[in-house]
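Engineer: I'd like to ask you about the structure that follows.
Nothing in this text is a laboratory measurement; each read-out follows from the coordinates by a stated rule. What you see is a predicted model, and the numbers here were worked out from it, not measured in a lab. Positions of Cβ are generated from backbone atoms using ideal geometry, with glycine treated the same way; all protein chains shown enter the neighbour counts.
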Amino acid sequence: MKTIFEPFRIKSVEPIRVTTRDERKKLIRDAHYNLFGLHSDDVLIDLLTDSGTGAMSAAQWAATMRGDESYAGSPSFYRFQKAVKRLMPFRHVIPTHQGRAAEAILFSIFGGEGQKIPSNTHFDTTRGNIEASGAEGHDLVIAEGKDPQSAHPFKGNMDLALLEAYLLENGDSVPCVMTTITNNAGGGQPVSLANIQATAALARKFGKPFIIDGCRFAENAWFIKQREEGQGARAIPDIVRDCFAVADGMTMSAKKDAFGNIGGWLALNDNDLAEQARNHLIRTEGFPTYGGLSGRDLEAVAQGLAEIVEEDYLRYRIRTNEYIIERLDALGVPVVKPAGGHAVFVDARSWLPHIPPLEYPGQTLAVALYELGGIRGCEIGTVMFGIHPDGRETAAAMDLVRLAIPRRTYTQSHADYLIEVFEELARIKDNLSGFRITRQPRLMRHFTCQFEPLQA
Ligand SMILES: Cc1ncc(COP(=O)(O)O)c(C=O)c1O
């Protein structure tokens, strides 16, 4: 069927303020051409992130009313812990206010000067936390994962030969091995169950803990069910459990595949590591039965975890991405294929070949999408990854624009509007010019740096 069946009815709506192109040109100029600097009221379709921006269900809102705000031992924590352990059977579940807080705690244990941490691809906050601790992060995704046109079904896979060589070379300096599912910074591409298991086996062979960044575990499991041999008839929760059964721990942002507006956790099996983590948590986030969250948040996440593994939801979610990708592809817009889990990634470097990477083709496209259609996406390229700790700047592996799709928030009509904006963009794209950065912070510059157009 051409129509995407959205498996929910809308019970409560949020109006969108409609702006004109001239208004948006001024608004983005006032924000120094950084889309993070816009007021969200000035955005028509906000695809900046899928993080915490999803629509909660009636059952989740109802669950928030059960939220118990006790400082210690709240029943909301125990419901949260039970919901996590049903899918991810770790011994210790440590709530945090979001994913990066779990990372900060993890790298307070595993980070530090001289430490080296491999992953398929570290997400930006993960890398930021690793580097802030004095350690280095390295990305060892398979070669197909860096080729936007490769049709490999699991482009988020770890390159196992590279990982083995890395572990042989860096042995003592490696405190843990990580894998991000799905691989957000590499196009939202999935990691196969076989690859997760093989990565875990390699980590174990070298005596290293294996940690999964599980932010989009349900989408990853859906792809395993669809694309991996022998997995098609299995239930999503069973696939999820298999993914985490081979890990020693996980970090999680509940703002993604737990339908939360806020929340996260760090889970670990090792008692000593968990004790260190809890001590850090008490100092920075809160007591271990709330970890910086209210009881209401813990309840919403517990209910969200039950809903996120529903197949009707996952089918609709992934189909939406496929639909946008098919339509953009037909227009000749280069997109990362096959469809990833939470976002559509446009290959700005190939679409705007007249703009070199150090003039930020991804940023150029993101700004043009906003000016033309009020759509807010996010550059994932040289702005995000091009600057090194020593201040050097080089082109990132790819210059992408990520259009992240909030969960259960927009409809197929919004997707059709997005396609129309790209139709118009295709007509004017050759006249776009790049940007230069006029101000930037030392770490994670993309959130706050300021730009100036190279031609007015
Ligand atoms: C793969 C991945 N890891 C970690 C994080 C950090 O989570 P949070 O935004 O909750 O701090 C994100 C957020 O986008 C992510 O996509």
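Engineer: Using mean Cβ contacts within 10 Å as the protection proxy, how do 342-349, 93-100 order, highest first?
Structural biologist: Order by mean packing, descending: 342-349, 93-100.
Engineer: Right, another one. If I model a spin label at LEU331 and GLU310 as a point 7 Å from the Cα along the Cα→Cβ vector, what separation in nanometres do I get?
Structural biologist: A separation of 3.1 nm, rounded to one decimal place.
Engineer: Right, something else. In percent, how large is the relative contact order of the range 331-456, given Cα pairs closer than 8 Å and 6 or more residues apart?
Structural biologist: Once divided by the residue count of the range 331-456, the mean separation gives 26 percent.
Engineer: Moving to a separate point now. Under a cut-off of 17 Å between alpha-carbon atoms, report the lysines in cross-link reach of LYS155, not counting same-chain residues fewer than 8 places apart.
Structural biologist: The qualifying lysines are LYS146, LYS225, LYS337.
Engineer: Something else: Taking the highest mean first, how do the peptides 222-232, 65-75 order by number of other beta carbon atoms within 10 angstrom per residue?
Structural biologist: Working: 222-232: 17.5, 65-75: 13.5.
Going from most to least packed, we get 222-232, 65-75.
Engineer: Moving on. If you place +1 on the Cβ of every Lys and Arg, -1 on the Cβ of every Asp and Glu, and leave all else neutral, what size is the dipole of the chain about its Cα centre, to the nearest 20 Debye?
Structural biologist: Dipole about the Cα centre, nearest 20: 680 debye.
Engineer: How far is helix 75-87 tilted off the main Cα axis of the chain, in degrees rounded to 10, range 0 to 90?
Structural biologist: 80
Engineer: Moving on to the next point. Under the rule of -39500 (n - 2.57) per DSSP H run of 4 or more residues, summed and divided by the residues of the chain, what mean residue ellipticity at 222 nm is obtained, to the nearest 500 deg cm²/dmol?
Structural biologist: Calculated at 222 nm, the ellipticity per residue is -12000 deg cm²/dmol.
Engineer: Mind checking which lysines have their C-alpha under 22 Å from LYS25, skipping anything on the same chain fewer than 8 residues away?
Structural biologist: Filter leaves LYS429.
Engineer: Which of rounded, prolate, oblate describes the range 10-126, given a ≥ b ≥ c as roots of the alpha-carbon gyration tensor eigenvalues and a/c under 1.5 marking rounded, otherwise prolate only if a/b is larger than b/c? Present the calculation step by step, with values, prior to reporting the outcome.
Structural biologist: Numbers: a/c = 2.87, a/b = 1.32, b/c = 2.17.
The shape class here is oblate.
Engineer: Thinking of the chain as a set of Cα atoms, what percent of all their pairs are more than 44 Å apart?
Structural biologist: Percentage above 44 Å: 8.
Engineer: Any chance you could run the full-extension gain for GLU229 through ALA62? It's 0.36 nm times the residue separation minus the Cα-Cα distance, nm to one decimal.
Structural biologist: The span from GLU229 to ALA62 would gain 56.2 nm if fully extended.
Engineer: Next up: Once phi is turned into θ = phi - 60°, what whole-Hz ³J(HN,Hα) does the Karplus curve with 6.51, -1.76 and 1.60 give for every residue of the range 264-275, x standing for Gly and Pro?
Structural biologist: Values per residue, Gly and Pro as x: x, 7, 10, 10, 9, 9, 6, 5, 5, 4, 5, 5 Hz.
Engineer: First measure r as the distance between the Cβ atoms of GLN197 and PHE447, then evaluate 1/(1 + (r/R0)^6) with R0 = 35 Å and state the FRET efficiency to the nearest 0.05.
Structural biologist: The pair GLN197/PHE447 has a calculated efficiency of 0.50.
Engineer: For the chain, what does the relative contact order come out to in percent, with C-alpha contacts under 8 Å and a separation of six or more?
Structural biologist: 23
Engineer: Same structure again: With contacts defined as alpha carbon pairs under 8 Å and 6 or more residues apart, what's the relative contact order of the range 58-307 in percent?
Structural biologist: RCO, the range 58-307: 32 percent.
Engineer: With a ≥ b ≥ c the root eigenvalues of the C-alpha gyration tensor of the range 58-307, is it rounded (a/c under 1.5), prolate (a/b larger than b/c) or oblate?
Structural biologist: Oblate is the answer for the range 58-307, as a/c is 1.5 or above yet b/c matches or exceeds a/b.
Engineer: Starting at the first residue of the range 215-231, write each ³J(HN,Hα) from the Karplus equation 6.51 cos²θ - 1.76 cosθ + 1.60 with θ = phi - 60°, in whole Hz, x for Gly and Pro.
Structural biologist: With coefficients 6.51, -1.76 and 1.60, one gets 3, 10, 5, 6, 4, 4, 5, 4, 5, 4, 4, 6, 10, 9, 4, x, 9 Hz.
Engineer: Then there is this: Indicate the gyration tensor shape class of the range 176-313 (rounded, prolate or oblate), computed on the Cα atoms with a ≥ b ≥ c the square roots of the eigenvalues: a/c under 1.5 is rounded; otherwise a/b larger than b/c is prolate and the rest oblate.
Structural biologist: Oblate.
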